[in-house]
Amino acid sequence: MIEIAICDDSKHAWKDVEKHLLKYSLENEFDYRIDEYESGEELLCSDKKYDMVFMDYEFENKGKDGITISRALRHTDPDVTIVFLSGYPEAVFSSFEVAAFRFLLKPIDDGKFNETMDSFLTSMNKDRILKVHSPGNYHYVNENKILYVEGHGKRSIIHLGTHSDDIECSETLASVENRVDSLTFYRCHKSFLINMRHVKGYNYNCVTLDNGEAVLISRRKYRQFVERYADFIAEQV
């Protein structure tokens with residue numbers, strides 16, 4: 001499931017993006033979910049993580065401009081894909097400041113929209129994307145955003161930073177472990193698989209992640225974890 005936000009003070013703009021997304025999804029068979037926000041402040045207060053945000057360039061009397069909001073959004077989620085919407089072509093130059101993925105003029109052109117979505121899906125495929133199944137739904141998760149995976153018998157919970165973003169999937173922890181990047185993820189305990197990208201510290205009892213959560217580490221795995229983590233850090237240099 002691709003999580004998409006439309007952040008625009010015009011409900012007409014919402015419907016325009018929704019129409020193009022529906023048409024594109026029917027032609028290309030991809031699942032998505034949309035949330036709408038009338039201002040950038042509403043988006044930031046939602047504390048939700050999105051794969052893609054369609055951002056209005058200017059909010060008339062409804063808060064800060066799209067550049068300012070995008071800068072704040074990048075601070076909390078540097079990987080989010082931002083597509084700017086504006087009726088003013090010259091605004092495209094300002095969008096470079098926040099590494100906007102694309103700039104679409106209003107009203108949105110079908111061909112330009114399809115090109116944007118094609119490029120977005122191609123860029124997602126270059127990353128490692130984990131596809132998991134939960135009751136009645138499929139989710140597509142960028143592995144870099146996973147903090148850790150928690151096993152509960154025949155199901156697992158994928159933790160993405162806040163409890164509201166957690167995904168419960170119909171898959172064992174061992175099954176998830178077999179499908180993620182073995183160089184980045186480590187099974188530190190029978191019930192926990194951690195993403196070493198998010199390790200902030202550790203001791204003999206637990207691993208602390210960059211969101212402040214502490215995950216148990218098995219004593220018999222401590223030495224191997226330290227070695228694996230050292231190898232991982234060396235690869236990042």
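What to note about this one:
- Karplus 3J(HN,Hα) series, Hz, for region 182-187 with 6.51 cos²θ - 1.76 cosθ + 1.60 (x for Gly, Pro): 5, 7, 9, 9, 9, 7
- Efficiency of FRET from Cβ geometry, Ser134 and Glu90, R₀ 35 Å, rounded to 0.05: 0.20
- Computed log₁₀ I(q)/I(0) - Debye formula, equal Cα scatterers, no solvent, region 104-208, q 0.16, 0.19, 0.24 Å⁻¹: -0.75, -0.95, -1.32
- Length gained on full extension, Glu235 to Arg74: 55.5 nm, using 0.36 nm per residue less the C-alpha separation.
- Based on DSSP H segments of at least four residues, each scored -39500 (n - 2.57), the chain has a per-residue ellipticity at 222 nm of -10000 deg cm²/dmol.
- Phi to ³J(HN,Hα) by Karplus 6.51 cos²θ - 1.76 cosθ + 1.60 over region 169-175, Hz, x for Gly, Pro: 10, 8, 7, 6, 4, 4, 5
- Modelled FRET efficiency - R0 25 Å, Lys200 with Arg179, Cβ distances, 0.05 increments: 0.50
- In a DSSP loop and with at most 13 other Cβ atoms within 10 Å, the GluC sites (Glu not before Pro) in region 33-96 are Glu60.
- With 0.36 nm allotted per residue and the present C-alpha distance subtracted, the Ser119-Thr172 stretch has 15.8 nm of extension available.
- Signed unit charges on C-beta, dipole axis of region 47-147, positive-most listed residue Val132, Tyr57, Ala91: Val132
- For region 184-211 and region 36-88, distance of Cα centres in Å: 32
- Estimated dipole of region 79-237 in Debye, rounded to 20 [Cβ of Lys and Arg +1, of Asp and Glu -1, Cα centre]: 840
- Shape analysis of region 1-42 places it in the oblate category; the axes a ≥ b ≥ c from the Cα gyration tensor give an a/c of at least 1.5, with a/b not above b/c.
- Ranked packing of 80-86, 97-103, most packed first, by mean Cβ within 10 Å: 80-86, 97-103
- Extents of region 87-151, largest first, come to 51, 26, 19 Å (Cα atoms, principal axes, whole angstrom).
- The residues of the chain expose on average 54 square angstrom of accessible surface per residue, using a 1.4 Å probe on protein heavy atoms.
- The chain: C-alpha gyration tensor shape, a/c 1.5 cut-off, then a/b vs b/c: prolate
- Fully extending the segment from Arg155 to Lys112 would add 11.4 nm, taking 0.36 nm per residue of separation and subtracting the current Cα-Cα distance.
- Region 1-86 shape via C-alpha gyration tensor axes, a/c threshold 1.5: oblate
The values are calculated or read from the model by the stated rules, or taken from the named source; none is laboratory data. Please read all numbers here as calculations on a predicted model, not as lab measurements. Cβ coordinates were reconstructed from backbone atoms using ideal geometry, including for glycine residues, and neighbour counts include every protein chain displayed. Ligands, DNA and RNA are stripped out before the accessible areas are found, and what is left, the full protein with its side chains, is counted by its heavy atoms. Shrake-Rupley method; radii C 1.70, N 1.55, O 1.52, S 1.80 Å.
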